[in-house]
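Okay, structure first, notes after.
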Amino acid sequence: MFSVQSLWWKIWSRISVLINSISKAKFWYTKHKQECIGETEEEDSFGDDFGNSWESLPEGYQLICKPSALAQWLLKDIQRLVLEPTHWWWSCWPNLQTFIQHLIPPDNPLELAREYLQLSDGGIIALDWVVRPRHIAKTRRGTNVTDNPPLLLVIPNPFGKLTRNILNLCLLALGKGYYPIIFNRRGQNDCPLTTLRLQDFGEPRDLKEAVNYICFKHPSSMLFAVSEGLGSGLLLSYLGEYGSSSSMTAVSCISPVFRCQEWFETGLPWFYEWPLLLYQKANLNRYFTALGEILSTRQLFGSNSLKELHETLHCQCENRKVSWDSYWEHNDPLRDVDEVAVPVLCICSMDDPIRGSPQTTLPIELFRTNPYFLLLLTHYGGHCGFLRESNVAWSHDVTLDYFRSITEFFRTEEKKKWFTRRRSSNLMTRRRRPTLQRQETAVYKDLEEEIFSWKRSYTR
């Protein structure tokens with residue numbers, strides 16, 4: 001029987017042969033060039049900029065973070081994982097990894113149970129609960145789950161496209177006992193637009209209402225979150241805006257873009273920018289008449305760059321006109337980064353063609369000084385690629401293993417805290433209070449401060 005998926009892989013197998021031959025020629029040319037001129041200029045700057053802050057990991061993968069009990073715990077777990085591409089051509093073609101994760105459909109389509117959530121201002125967002133892979137026997141229905149599995153809130157990119165990367169992550173999480181939920185913004189992914197405004201780039205109020213609803217439906221389940229690419233801007237804004245009341249246990253950002261204003265202003269290579277621009281215009285065309293009441297649709301659909309389209313859509317509306325710089329003062333993902341109160345793992349690659357050069361786009365000082373932020377930086381991976389085989393991304397395994405490790409760390413620390421308190425209370429009954437205050441109290445106080453020192457932000 002004819003299958004679109006099998007056709008895709010037949011085409012891909014033939015392309016792979018061509019890529020293999022081209023990549024092999026490029027590999028030997030590069031190797032010969034490096035033998036002639038020594039270390040490249042890129043390698044020198046790499047060592048100068050990051051050398052003093054790195055923890056060694058196998059095969060050149062590095063964990064950049066502030067030393068803490070949590071960081072040491074995670075480092076031991078990550079060292080057990082194999083983060084190495086199976087096929088060496090992934091190292092030479094970051095654009096290929098990026099295209100595969102964004103253009104090729106997933107291996108197993110998912111069955112989604114959609115819920116529409118009406119917001120306080122009358123707007124509507126959609127939550128897609130991942131039930132199971134399509135064509136698989138049914139095990140549970142919609143959101144009626146009797147047990148308390150951990151919940152995984154997935155934030156796609158702000159263009160509204162559910163990529164292969166996101167769907168495969170949901171599939172893997174479902175198989176490991178998580179309950180994935182995909183967050184869809186207003187007017188995106190077939191979600192109706194009922195208000196004359198779309199969600200701003202870093203406006204977290206819609207996400208906050210979605211989190212409140214999810215926690216109301218599953219009050220006994222732990223909530224984790226993962227974002228893809230530019231979607232990390234919304235997730236980081238939410239964490240900074242709501243701090244310790246974010247209701248999340250841990251967060252992972254795959255290929256995040258941190259300096260978003262500069263990203264829009266710099267632009268992308270044409271083979272990335274134009275498809276994204278046309279895709280967003282096609283989605284906005286559904287609301288041509290409604291948008292015409294508040295902005296110039298001629299200017300909007302005549303935009304020649306993502307910056308021009310975004311500025312027209314969010315800064316030049318008749319009911320709200322703001323400058324480009326003022327808009328980013330309220331939407332920059334790192335504007336309230338000091339208030340983040342949950343562990344955040346950012347998985348990035350040096351050869352990301354979408355984010356840009358790591359020397360100018362990664363806030364290394366943030367990871368060096370803030371104990372809540374950890375950067376897993378790799379040499380190869382592209383943008384949301386991280387392919388180990390033709391259809392497997394190791395970033396998914398790292399993300400889910402990170403959530404498991406965080407859970408175990410919290411449980412271990414709680415046991416230590418309980419043991420310390422119990423031992424302290426037993427000593428209270430055996431010894432006089434003045435002696436206890438002079439000796440044991442000071443010892444246990446120092447022990448608790450050491451155990452939970454990672455919780456303190458560097459600004460407090």
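The values are calculated or read from the model by the stated rules, or taken from the named source; none is laboratory data. From a predicted model like this one, the values you see are computed outputs, not experimental measurements. Cβ coordinates were reconstructed from backbone atoms using ideal geometry, including for glycine residues, and neighbour counts include every protein chain displayed. The accessibility values were calculated without ligands, DNA or RNA, using every heavy atom of the protein model including side chains. Shrake-Rupley method; radii C 1.70, N 1.55, O 1.52, S 1.80 Å.
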Residue list for the stretch 297-315, restricted to those being surrounded by 15 or more Cβ atoms within 10 Å (Cβ to Cβ) and not in a helix (DSSP H, G or I)
S303, S305
Against the definition (modelled with pLDDT of 90 or more and touching a Cys at 6+ places or on another chain (Cβ under 7 Å)), how does I125 come out, yes or no?
yes
For N212, are the conditions met, namely being open to solvent by 30 Å² or more (accessible area, probe 1.4 Å), among the polar types (S, T, N, Q) and in a helix (DSSP H, G or I)?
yes
Report yes if some residue within the stretch 112-119 is modelled with pLDDT under 90 and on the phi < 0 side of the Ramachandran plot; otherwise report no.
no
Matching residues in the stretch 402-412 - criterion: being modelled with pLDDT of 90 or more and either under 12 Å from F224 (Cα atoms) or among the β-branched types (V, I, T) (or both):
Y402, F403, R404, I406, T407
With the requirement that a residue be under 24 Å from the mean Cα position of the chain (by Cα) and of a type in the set (D, E, K, R), what does the stretch 283-336 give you?
K307, E329, D332, R335, D336
Where residues in the stretch 240-296 are on the phi > 0 side of the Ramachandran plot and in contact with a strand residue (DSSP E or B) (Cβ under 7 Å, 6 or more places away or on another chain), which of them is surrounded by the fewest Cβ atoms within 10 Å (Cβ to Cβ)?
S247
Leading residue by the ranking (nearest to W93 (Cα to Cα)) among those in the stretch 336-378 that are open to solvent by less than 10 Å² (accessible area, probe 1.4 Å) and polar (S, T, N, Q):
S349
